[in-house]
Amino acid sequence: MRCRKDKKIDKILPYLLILNGNDASSLKKETRLKFEKLIICLMKIKYNIRYCSSKFCKCHPETIINELLIDDKLSNFLNKNNHGEFGFSVEVKNALEVIKSVIKESDESITIYDD
Ligand SMILES: [Zn+2]
């Protein structure tokens with residue numbers, strides 16, 4: 001069953017992929033690599049790719065994204081990309097807010113694969 005969080009990820013991922021190789025090219029390499037890691041972590045949340053079953057473990061993509069967003073250069077980049085072109089809805093106009101709400105919902109509803 002698909003939840004709200006997955007719908008948000010489905011909306012934000014194409015947007016981030018458009019920024020990647022476009023607006024993101026203006027970022028310094030270190031920040032650009034963090035941006036790419038953020039995209040990968042969002043996909044891991046979407047497909048529930050996890051390596052351990054402890055909640056809030058540092059190996060979880062949610063934890064990694066939270067660490068990435070501490071970087072002002074990355075969070076400012078996500079925050080300033082508010083343009084509504086490409087036909088993206090209001091929901092993805094602020095990428096940073098969408099990502100933060102995905103993390104919040106995901107943390108609350110982590111499901112771990114049974115062994
Ligand atoms: Zn872990």
Discussion item. So for each of 59-65, 46-52 I average, over its residues, the number of other beta carbons within 10 Å; can you give me the resulting order with the highest mean first?
Written reply: 59-65, 46-52
Item to complete: Assuming R0 = 25 Å, can you tell me the calculated FRET efficiency for the pair LYS80 and ILE40, based on Cβ-Cβ distance, to the nearest 0.05?
Response: 0.70
Worksheet item: Counting Lys +1, Arg +1, Asp -1, Glu -1, what net charge surrounds ALA24 among other residues with beta carbon under 15 Å of its beta carbon?
Response: +3
Discussion item. Return the equivalent ellipsoid semi-axes of region 4-107 as a descending list in whole Å, where each equals the square root of 5 times an eigenvalue of the C-alpha gyration tensor.
Written reply: 22, 16, 11
Worksheet item: Got the relative contact order for region 4-107 handy, in percent, Cα pairs under 8 Å and 6 or more residues apart?
Response: 31
Worksheet item: Taking neighbour Cβ counts within 10 Å as the exposure measure, how do LYS44, LYS55 sort from fewest upward?
Response: LYS55, LYS44
Worksheet item: Which whole-percent values make up P(r) of region 1-51 when all C-alpha to C-alpha distances are grouped in 5 Å steps starting at zero?
Response: 5, 19, 27, 22, 14, 9, 3, 1
Fill in: Cα→Cβ-extended label distance, 7 Å offset, between SER54 and ASN22, nm
4.1
Worksheet item: Past the 21 Å Cα-Cα mark, which pairs from LYS11/LYS55; LYS44/LYS73; LYS5/LYS55?
Response: LYS11/LYS55; LYS44/LYS73
Worksheet item: Where nothing but the Cβ of Lys and Arg (+1) and of Asp and Glu (-1) is charged, how large is the charge dipole of region 4-107 around its Cα centre, in debye to the nearest 20?
Response: 220
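The numbers here are math on the coordinates, done by the rules we state, and not lab data. Just so it is clear, the model here is predicted, and its values are computed rather than measured. Please note: Cβ atoms are built from the backbone with ideal geometry, for glycine as well, and neighbour counts cover all protein chains shown.
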